[in-house]
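The values are calculated or read from the model by the stated rules, or taken from the named source; none is laboratory data. Fair warning: this is a prediction, and the values are worked out from it, not measured in the lab. Note that each Cβ is placed from the backbone with ideal geometry, even for glycine, and that neighbours are counted across all protein chains shown.
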Amino acid sequence: MNPLDWWLLLAVLLFCIGAFGVLARRNTILVIMSLELMLNAVNIALVAVAQFRAGSAGAGVLFSLFVITVAAAEVTVGLGIVIANYRAKRTVQADRFDEMKG
Amino acid sequence: MADANNSVLVILPGIVIACTALLVFMADTFVGRRKEILPWIAAAGLVAAAAVAAAQWLDVDELGSLWDLVTGRGSAVFGGREGEAGFAGMVALDKFAFYCTLLFCVIGVLTIMLSDAYMKKRRDAMGEFYGLLLLVIAGMFGMAVSTDLIALFIAFELMSLPTYVLAGFLRGDVRSGEAAVKYFVNGAFSSAVLVFGLALLYAASGQTNYAGIAEAMSGLGADAESGLTVVALVFVAVGFGFKIAAVPFHGWAPDVYEGAPTPVTAFMSVGIKAGAFVGFLKLFTIAAVGLGDIWTAALTVLAVLTMVVGNALALPQRNLKRMLAYSSIAHAGYLLLGLIATGASLDSAGSSAVLFYLGAYTFMNIGAFGILVWIRNRRAFRYGLDEVAGLARTMPWTAIGMALFMVSLTGIPPLVGFWGKFYLFTAIVDAGMTWLAIVAVVMSAVSAYYYLRVVWYLYFREAPEGAEVVADDAGPALGSAVAVTLAALGVLALGLYPSPLISAAQGALRVLIGG
Amino acid sequence: MLAPALGALVEYADRPLSPSTVPGRRAGPTIHMTSEYLTNWFYVWSFIVSGAVLVVLILLVSKLVNPSHPTPGKLAHYECGIPPVGSPWSPFAVRYYVFALLFLVFDVEAVFLFPWTLVFRTLGTAGFIEMMLFVAVLVWGLVYAWRKGALEWA
């Protein structure tokens, strides 16, 4: 296997761990963290391709910058929604939050 | 590579929309209690963007006059010239994008009018509502002009992120909050899957530009259909399937559509679907043009499942909002047929049928949701089927409108829904996949049951107790009435005389497919 | 046991680097890939393994030979802070989150400023204006948050 395949394998593994976290976790905060893991896996794949793939345009590095910023925006929106629900339900118990996911 | 001035011109309609969004946000903090001005600013921005796009369209086409366009004679002068590319080929403003921009502006203006009844009771939140709505439309515009994976991803996220907030707009309402959380988790998951697919597509081709990808793929020859490419396209199809709520990625849709505020639901079911379809239409037909076998196979599975399951699940629904949510899933299935037809044979009319159907669906579905908003504005209404029984006697005009939209959604001539389905099904037959058309027709017949049942209730059932009309405290919402009326006129007029929209949709595609 | 391994490590770290690994440094004697290179790695790995074994060994021995008679006094925190009051899972005040969210957005969006500085001269005035527009949009957002009262501590 050439180096790129190893990096892509790492990316796929991280992505699957993140995807498992999104599907299996009930706590919304942990779900958001798993989503971040998935996006970071994408970043690894993008940067690895830009570095190792012969004849590839270097746009992958640029792409990963946008993924990073969009991920930040996504977390912000997600946390905002979570907080709004927190306020609406008038509860401070973190595990009562599970009711939102049905 | 275009110079900077030209690049700005290319995305000028989008800039107008985004700047209007910024203006709405800021104006919100200055106008104090006079928030009624905000929807007007938002609508003015959309009209301005549409005017810019129309002016550019006419400029590119060298059309004699707008009249030629309206009467369908303009189609003769469509095509020929290449679209303008900007930002190092990241975006291209072609006739496809012009059509889509105009469509998105129509969707936006209708939604703004529709939300009149709804926002009157929530004045404090007007700034956020209209600002976010404009940002979503700017993202949809981005989907239509993107010719690069990076631009596509940014547009996709710009289209998605504000929608999560809009879905949870009823702060304090548990169902709206739940809708927001579900939509966010599903949407963020789907965009992660999508961007991973895009990254793998970049890994397979080494390019992010659509044209570059197509070139690299054709250079690979038989090697292009490697495992990496298949996985990449399947991931992209899955991300796309989530966004348009195709079965089996539809799990979020009914709850989100029911929980979200009704104007937002109307917008999501039409606007987000249109944005996703045009964006991926471009990606599939330009970047993955040589890989039609792969993505057509993936989308065929999605289309069959979506049509069958969407219609089957809509059958037992007695909540009208939920019924429309499931039927919206089914309509995504019909729309997929157009994409499949394009993948099976580039010469087919599949893509222009998709564009036509998106236009037709805009009027039908916003109209149908608009009727729900209107009834709720006039009396206590919880979207139950039994509650609209006998509506023909208490609110005759509303009943006529509802019947019109239901018949059009079923696809019965002479309304616009019939033409939409007709072109989609013809395209898929022309592409040599008759069995798919048969599935679609059968499922349309199934859908007649739940659509026409509503008409039956409207006209042939006795009204329940306490169904008399009560004027809303906040007064009648004229904007909503105007939106519904416009939608009804659109359904009728385009049903009787569909050629302008058809020729516009066909002309929009010439550049894309290179006809 | 540790001394020779450490010595080897220091020797490894101080070795003259080959010109191929560090461009711009003056060429010195290169390390021969086959014998010397692998020997150095052998020292490093043996250091890591012996360190890990040692930790386990010491803990095991202390567990075996120590008399264990715990009393509450012995188990108490001793010069290690105070016993916690209440559950550590108690919620933060929600208003902290608003600041965190604002910070997150403005902090991460600044990622675009770094590549911009690298190509600042080639971009010229147009690039400067574009970045100022970008920053202006961010400032616009901050002003919006300010006017909406997101920065009020109340």
Review point. Pick from A:46, A:4, A:23: which is under 17 Å from residue B:187 (Cβ atoms), within 10 Å of chain B (Cβ to nearest Cβ), in a helix (DSSP H, G or I) and out of contact with any Leu (no Cβ under 8 Å at 6 or more places or on another chain)?
Key: A:23
Exercise for review: Give me a count of the residues in region B:348-390 that are over 21 Å from residue B:115 (Cα atoms) and either at pLDDT 95 or above or not aliphatic (A, V, I, L, M) (or both).
Suggested key: 9
Exercise for review: Check off (1) within 13 Å of chain A (Cβ to nearest Cβ); (2) over 19 Å from the mean Cα position of the chain (by Cα); (3) crowded, with 24+ Cβ neighbours inside 10 Å for residue B:187 and give me the number that stays unchecked.
Suggested key: (2)
Review point. Modelled with pLDDT under 50, over 29 Å from residue B:133 (Cα atoms), among the hydrophobic types (A, V, I, L, M, F, W, C) and part of a helix (DSSP H, G or I) - does that describe any residue in region B:49-68?
Key: yes
Point to revise | Subset of region A:26-43 [over 16 Å from residue B:197 (Cα atoms) and either in contact with a Leu (Cβ under 6 Å, 6 or more places away or on another chain) or of a type in the set (Gly, Ala, Ser) (or both)] | key: A:34
Exercise for review: Quickly run through region B:212-225 and pick out the residues that are under 12 Å from residue B:291 (Cβ atoms) and within 12 Å of chain A (Cβ to nearest Cβ).
Suggested key: B:213, B:216, B:220
Review point. Which of the residues that make up region C:102-123 are of a type outside the set (Phe, Trp, Tyr), closer than 25 Å to residue B:26 by Cβ and at pLDDT below 85?
Key: C:102, C:104, C:105, C:107, C:108, C:109, C:110
Practice item. Taking residue B:232 as meeting all but one of (1) crowded, with 24+ Cβ neighbours inside 10 Å; (2) closer than 26 Å to residue B:366 by Cα, write down the number of the exception. Key: (2)
Revision key, fill the gap. Of those in region B:7-30 that are in a helix (DSSP H, G or I) and away from every other protein chain (no Cβ under 11 Å), the residue nearest to residue C:143 (Cα to Cα) is B:20
Review point. Out of region B:168-184, which residues are facing another protein chain (nearest Cβ under 7 Å) and assigned to a helix (DSSP H, G or I)?
Key: B:174, B:177, B:178, B:180, B:181, B:184
Exercise for review: Evaluate the following for residue B:376: is it over 21 Å from residue B:339 (Cα atoms), crowded, with 17+ Cβ neighbours inside 10 Å and among the basic types (Lys, Arg)?
Suggested key: yes
Review point. Are any of the residues in region C:130-146 exposed (fewer than 12 other Cβ atoms within 10 Å of the Cβ), more than 14 Å from every other protein chain (Cβ to nearest Cβ) and within 30 Å of residue A:65 (Cα to Cα)?
Key: yes
Study note, to complete from the structure: Over region A:30-67, the set of residues surrounded by fewer than 21 Cβ atoms within 10 Å (Cβ to Cβ) and β-branched (Val, Ile, Thr) is A:44, A:47, A:61
**Study point:** Residue that is surrounded by the fewest Cβ atoms within 10 Å (Cβ to Cβ) [pool: residues in region B:190-209 that are farther than 19 Å from residue B:238 by Cα and at the interface with chain A (Cβ under 7 Å from one of its Cβ atoms)]
**Key:** B:206
Point to revise | Tally, over region A:26-43, of residues that are among the charged types (D, E, K, R) and not in a helix (DSSP H, G or I) | key: 1
Exercise for review: Could you check how many residues of region B:281-330 are under 22 Å from residue B:266 (Cβ atoms) and of a type in the set (Phe, Trp, Tyr)?
Suggested key: 1
Check your understanding: If we keep just the residues of region B:103-133 that are in contact (Cβ under 8 Å) with a residue 60 or more places away in the chain and in a loop (DSSP other than H, G, I, E, B), which is surrounded by the fewest Cβ atoms within 10 Å (Cβ to Cβ)?
Key -> B:121
Check your understanding: Being in a helix (DSSP H, G or I), facing another protein chain (nearest Cβ under 7 Å) and more than 20 Å from residue B:164 (Cβ to Cβ), is that true of even one residue in region A:50-59?
Key -> yes
Exercise for review: Taking residue C:126 as the residue in question, decide whether it is in a helix (DSSP H, G or I) and either within 14 Å of chain A (Cβ to nearest Cβ) or modelled with pLDDT under 85 (or both).
Suggested key: yes
